[in-house]
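No lab work stands behind these numbers, since they all come straight from the coordinates. Bear in mind the structure is a predicted one, so any value in this text is a computation, not a measurement. All Cβ positions, glycine included, derive from the backbone under ideal geometry; neighbour counts span all protein chains shown.
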Ligand code: 5AD
Ligand code: FES
């Protein structure tokens, strides 16, 4: 199999067929991966130079009504101390973040009904009023079209909602029956039609995932054409049904980051916390493989341990207040710099 030729085709056309993706993912050599990585890094550099965009992540609630089999804050986990940040807590995270140079804030949380649309609209409005030069990203899971519409009208700019897997049957093995891929996709369509910059994404190496499934994820990304694409390795959490499952592959995650950069040359692609958890240099290598965003934690240090989606999550200890500087140093060491900008997607 000539994998390099497939990589060239992917670069030239921005996509491959399902069969070609499977071929690529199943048969690439170390040398092929290196070839792909260089191409991906060059494309990222073409659009974003050596500039890394940063997002201040505020994990504002770990209550969740869902019961995803992989996730540490699933409803059935009785051993998490649940918390919610107040509007004042959230605004104080933004204030600290702004002083640190963040110009995008990400409000991320479990699917928590305590936060009604009215409350969220109030929080969104306050953030956008206090920080009109900042972008606001939401990541609060599935809500109705009407809710999303209100969030958008209140000023939210972006929305992250990973599709998790683009295969119906596989989706069913990761979630209880009340959650469906169909609804997830509808939410993504609704968000797009409301004018949000939308992010989708998936875990690499989640239980029961096949190369076919990953090929389907790549086809789905192409079809959705999102502004943002978030991926990271699956990592087990000890209080979930997947406690004994093995983690996803670090190397395959890097290869997929590079493939995504070839599929979506100007997309905003983070080197995720999960990638930094599975390998101490994961985020650096993510950037070198084509990612261009990092999302350090801005949540109060006192609650960070409670937002453990998977075991051994980094940035939850005493050192955690330092994430911004830590990442700044890490990026500088590989020749990149973090910039204090909103970090919108560049045009193709
Ligand atoms: N391992 C890796 N990623 C996870 N996520 C949730 N649980 C895990 C886990 N155990 C990811 C999901 C979700 C995002 C917020 O975190 O993809 O969309
Ligand atoms: Fe959080 Fe390094 S990024 S400690």
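If one computes the Cα centroid of segment 213-246 and of segment 120-198, what distance in Å separates the two points?
Comparing the Cα centres of segment 213-246 and segment 120-198, I get a distance of 17 Å.
Can you figure out the FRET efficiency of residue 279 with residue 119, using R₀ = 41 Å and their beta-carbon distance, to the nearest 0.05? List each step's numbers first, then the result.
On the way: r = 38 Å, r/R0 = 0.93.
Given R0 = 41 Å and the Cβ-Cβ separation, E is 0.60.
Which value in deg cm²/dmol, rounded to the nearest 500, describes the helix-derived mean residue ellipticity at 222 nm for the chain, given -39,500 (n - 2.57) per DSSP H run of n ≥ 4 and division by the residue count?
Result for the chain, helices only: -13000 deg cm²/dmol.
For the ranges 141-148, 52-59, 281-288, 306-313, what's the packing order if you count other beta-carbon atoms within 10 Å of each residue, average per peptide, and put the highest first? Could the numbers behind the result be given before it?
Working: 141-148: 16.2, 52-59: 25.2, 281-288: 22.2, 306-313: 18.5.
Ranking the peptides 141-148, 52-59, 281-288, 306-313 by packing returns 52-59, 281-288, 306-313, 141-148.
Taking 0.36 nm per residue of sequence separation and subtracting the Cα-Cα distance, how much length would be gained by fully extending the chain between residue 76 and residue 186, in nm to one decimal? Could the numbers behind the result be given before it?
Details: separation 110, 0.36 × 110 = 39.60 nm, distance 2.61 nm.
Here the answer is 37.0 nm.
Under a point spin-label approximation (7 Å from Cα along Cα-to-Cβ), what is the residue 38-residue 99 distance to one decimal in nm?
Reported label-point gap for residue 38 and residue 99 is 4.6 nm.
What FRET efficiency, computed as 1/(1 + (r/R0)^6) with R0 = 56 Å and r the Cβ-Cβ distance, is obtained for residue 333 and residue 177, rounded to the nearest 0.05?
Working: r = 47 Å, r/R0 = 0.84.
Plugging the Cβ-Cβ distance into 1/(1 + (r/R0)^6) gives 0.75.
What is the percent of Cα-Cα separations in segment 3-339 that go past 24 Å? Let's see the in-between values first.
Details: 30051 of 56616 pairs.
Above the 24 Å cut-off, segment 3-339 has 53 percent of its Cα pairs.
State the volume of the convex hull built on the alpha-carbon positions of segment 281-322, expressed per residue in Å³ and rounded to an integer.
Values: hull volume 3.7 nm³, N = 42.
Hull volume normalised by residue count: 89 Å³.
Quick check: from the Cα gyration tensor, does segment 62-110 come out rounded (a/c under 1.5), prolate or oblate?
In terms of gyration-tensor shape, prolate.
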